[in-house]
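The values are calculated or read from the model by the stated rules, or taken from the named source; none is laboratory data. Being a predicted model, the structure only gives us computed values, none of them experimental. Because the Cβ atoms are built from the backbone with ideal geometry, glycine has one as well, and the counts that use them run over all protein chains shown.
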């Protein structure tokens, strides 16, 4: 869990449910393929069902028609479904992200759930965390020896020290947060 923080710090946070390769869109495309709206109802609240069911029926009815029109209607259905899903989380929706924008850690977690085996994910997370923390440690430890030689060396040390300790603190906060009874759900 703590190592997951490291995967999220390198780039801006995006919701993988907002992505074309996220689980909401995957389920929506499967629902359209199988003409089974029930496959997407889990992603929304019961009071949103009528809107999605109605839009699903309209979208599905155009499936075998003009491909360009269907593509527009399908995208509208996907965006509406994801927007409503994000609404249930109390999160904003800024549009669908392209396939490939989901972070590797999220892809790994989805695969782990589907495969029913967490061992590979835990190993990869541990190895990644050890690598990142080790790199930050080696940098600050190397600069520690020279920190009092000059202001420049001292500032380099302070920058590395802050990076190292803030990383560890953030990981600790994630672990503590995960222990709370009601961790905030965002993805």
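A quick yes/no check of all residues on (1) in contact with a helix residue (DSSP H, G or I) (Cβ under 7 Å, 6 or more places away or on another chain); (2) closer than 14 Å to residue 22 by Cα; (3) crowded, with 17+ Cβ neighbours inside 10 Å; (4) not assigned by TED's automatic domain parsing to the domain that holds residue 24:
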residue: 119; (1), (2), (3), (4): no, no, no, yes
residue: 126; (1), (2), (3), (4): yes, no, no, yes
residue: 136; (1), (2), (3), (4): yes, no, yes, yes
residue: 140; (1), (2), (3), (4): yes, no, yes, yes
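Within segment 91-103, the only residue that satisfies the criterion of being touching a strand residue (DSSP E or B) at 6+ places or on another chain (Cβ under 6 Å) and either modelled with pLDDT of 85 or more or exposed (fewer than 13 other Cβ atoms within 10 Å of the Cβ) (or both) is 97.
In segment 79-90, is there at least one residue being at pLDDT below 90 and outside any helix (DSSP H, G or I)?
yes
Just so you know, in segment 20-50 the residues that are free of Cβ contacts under 8 Å to residues at least 40 places away in the same chain, touching a helix residue (DSSP H, G or I) at 6+ places or on another chain (Cβ under 7 Å) and in a helix (DSSP H, G or I) include one that is farthest from residue 113 (Cα to Cα), and it is 49.
Annotation note: of 86, 155, the sole residue that is in contact (Cβ under 8 Å) with a residue 12 or more places away in the chain and either surrounded by fewer than 16 Cβ atoms within 10 Å (Cβ to Cβ) or under 15 Å from the mean Cα position of the chain (by Cα) (or both) is 86. Residue selection: residue 106 fails the criterion of being surrounded by 12 or more Cβ atoms within 10 Å (Cβ to Cβ), free of Cβ contacts under 8 Å to residues at least 24 places away in the same chain, under 18 Å from the mean Cα position of the chain (by Cα) and at negative phi.
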